[in-house]
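Comments concern the structure below.
The values are calculated or read from the model by the stated rules, or taken from the named source; none is laboratory data. Predicted, not measured: the structure shown is a model, and the values here were computed from it. Backbone-built Cβ (ideal geometry, glycine too); neighbour counts: all protein chains shown. Protein only, heavy atoms only, side chains kept; ligands, DNA and RNA dropped before computing areas. Shrake-Rupley method; radii C 1.70, N 1.55, O 1.52, S 1.80 Å.
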Amino acid sequence: MIIQFSTGGRGRDANARGSSLPLRPDMASLSTGSVNFPTIVYENSASLVNTLASSMRDHEIAPEIEIFDLSHLHGARRLIEEGLINDHPHVQFVLGVKNAMPAEEHLLDVLLAEKQRLLPHATWTAAGIGKFQLPVMNWALTRGAERLCRILCGGIFSGHWETIIEHDGELASDSIPFAY
């Protein structure tokens with residue numbers, strides 16, 4: 001089992017975002033740049049990203065680099081060049097967030113080509129948000145994404161708490177069926 005914490009900023013101030021890292025999970029999310037979500041700016045200043053990456057390095061936590069935009073791959077490359085993360089991070093492409101990278105198959109190919117050029121040793125997966133979960137998962141699996149998906153209680157959980165798909169292909173209304 002891999003334990004992964006979020007350093008995401010929804011509902012937390014910047015000082016709180018890395019507060020759980022001393023607990024030393026196996027992995028932690030790390031977004032290398034800001035993005036406009038539908039109702040907020042998901043702000044990730046360079047100094048915050050450096051602080052989180054340094055803490056992950058110091059606590060021996062593997063970063064999951066969340067890619068909401070093409071420039072975030074370049075941010076990850078900068079962290080490697082500065083010695084804040086190793087040269088084989090795990091990358092999670094996040095597609096389908098309104099105002100960020102659309103869930104379009106050809107864009108996954110663009111992201112993969114840029115990942116290969118900038119981060120050739122990185123492993124990767126992709127997540128689609130909401131109704132895009134199944135198509136993005138399909139695109140990723142046909143392109144050889146590392147299989148971090150787990151089968152739980154007859155359903156698929158992608159690693160993103162936002163989207164759980166029940167066995168009949170419908171979005172679950174909540175995670176209660178998977179908690180037992």
Working with all protein chains in place, sort Phe93, Phe5 by solvent-accessible area computed with a 1.4 Å probe, largest first.
Phe5, Phe93
Summing Lys, Arg as +1 and Asp, Glu as -1, what charge do residues with Cβ under 9 Å from the Cβ of Ile61 carry, Ile61 excluded?
-1
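Between Glu114 and Leu70, what is 0.36 nm times their sequence separation minus the Cα-Cα distance? Round to one decimal in nm.
That pair, Glu114 and Leu70, stretches by 15.0 nm at full extension.
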Cβ neighbours within 10 Å, averaged per peptide: list 45-52, 27-34 in order, most packed at the top.
27-34, 45-52
